[in-house]
1. Averaged per residue, what accessible area in Å² does segment 127-248 show with a 1.4 Å probe, protein chains only?
2. Under 5 Å between amide H atoms, partner at least 5 residues away or on a different chain: which partners does ILE224 have, H built in plane at 1.01 Å?
3. Got a sec to turn the phi values of segment 133-142 into Karplus ³J(HN,Hα) couplings, 6.51 cos²θ - 1.76 cosθ + 1.60 with θ = phi - 60°, whole Hz, x for Gly and Pro?
4. With labels modelled as points extended 7 Å from the Cα through the Cβ direction, what inter-label distance (nm, one decimal) is found for ALA263 paired with ASN61?
5. Could you work out how far the C-alpha centroid of segment 175-195 sits from that of segment 12-68, in angstrom?
6. Select from segment 172-213 those trypsin sites (Lys or Arg not before Pro) which occupy a DSSP coil region and have at most 16 other Cβ atoms within 10 Å, ordered by residue number.
7. Counting only protein heavy atoms and a 1.4 Å probe, tell me what percentage of segment 233-294's accessible area is made up of carbon and sulfur.
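The values are calculated or read from the model by the stated rules, or taken from the named source; none is laboratory data. Everything quoted here is computed from the prediction, not taken from an experiment. Please note: Cβ atoms are built from the backbone with ideal geometry, for glycine as well, and neighbour counts cover all protein chains shown. Note: areas computed on protein heavy atoms with side chains; ligands, DNA, RNA excluded. Shrake-Rupley method; radii C 1.70, N 1.55, O 1.52, S 1.80 Å.
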Amino acid sequence: MDKSWMHSDRRSKAYEFGVEAFLNFAVENLLTTTHIRCPCVKCVNLKLFGVGIIRDHVYFNGVDQSYKNWIFHGEPWEATTNASRNVEEDDGHSRYSFVSEEIDMDDNDFGDFGSDPYEFANVIGDGDQPVYPGCRKYTKLSALVKLYNLKAKHGMSDVCFTELLILQGDLLPEGNTIPTSMYEAKKTLCALGLSYEKMHACPNDCILYRKEYEDSTNCPTCGISRWKDGKDSILKEGVPAKVVWYFPPIPRFKRMFQSHEIAKSLTWHAARKSIDGQMSHPADSPSWKLLDDKWPEFGNEPRNLRLALSSDGFNPHSSLSSRYSCWPVILVTYNLPP
């Protein structure tokens, strides 16, 4: 079936005809006009509506262009031979991006999971797998996310959540994919997250207690203690006064470059040609050329990553009128096309 309309302008006839063809296809296969998953960019096949509401959503919100295989609307599922090693996404967005927004995990939940970048590809497969044979409302991943939200919302203990999973597995038909323990649930969900490290820091921001300062108990610059003051100003040894959360970029690069298309685009900046001498990309800038001249060994390898760190509204010394204590910090990969 022709799906090119999904990339067409929403005001075009091609888009209009495509939407109607899609709705007819869904009704013919699902044999219902009232309980159909909505493929718009906001619902991402999580909510069920009638044909009229879905039509409005697809026009106003746009269709989720990463939904290439219409498995929720009657199209046979097609497994890719390289699915476990090549996670392909459009414009950096997955149709399962809702999961990262819905899961509320505390800082101890991640454990040692998520260190293998290929685990993420397996999670994408869970997003296509029905929670039990014939189920069209929930996939293994969406069901697990909903259950985990209940755990977080009502403060369930791990033991209670494990027993709930076991009960759910018994209630559902044979062949269901509900995990049977909190450990298995974490293993699935934590592959969606990425690793981080906690580092003790001087309360005055002089140093991080790492490398040569790893075993120090006082800051070598200002002399203040590494540990937090307890009652009656007694130091709580082992409880750090300040902790910095470090998000290492390398695991993120590994996940990003699992996609063959993104990995191929790493050298795009070297193969492209400037149009009419205009600066259309940082590769055309004098700063880029200066870096190549200053470090030729680095510049001669087009696969080397060129990164830019960007922030907005940062107020480290509280010198501005802003009272915010949280700011966006974005690491941009300049190798890739705009």
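1. Numbers: 7380 Å² over 122 residues.
Solvent-accessible surface per residue comes out at 60 Å².
2. CYS219
3. x, x, 6, 10, 8, 10, 9, 4, 6, 5
4. Those two pseudo-labels are separated by 3.4 nm.
5. Using only Cα atoms, the two centres lie 30 Å from each other.
6. For trypsin sites (Lys or Arg not before Pro) across segment 172-213 that sit outside H, G, I, E and B with at most 16 neighbouring Cβ atoms in 10 Å, the list reads ARG210.
7. Working: 2690 of 4420 Å².
For segment 233-294, the apolar C and S fraction of the accessible surface comes to 61 percent.
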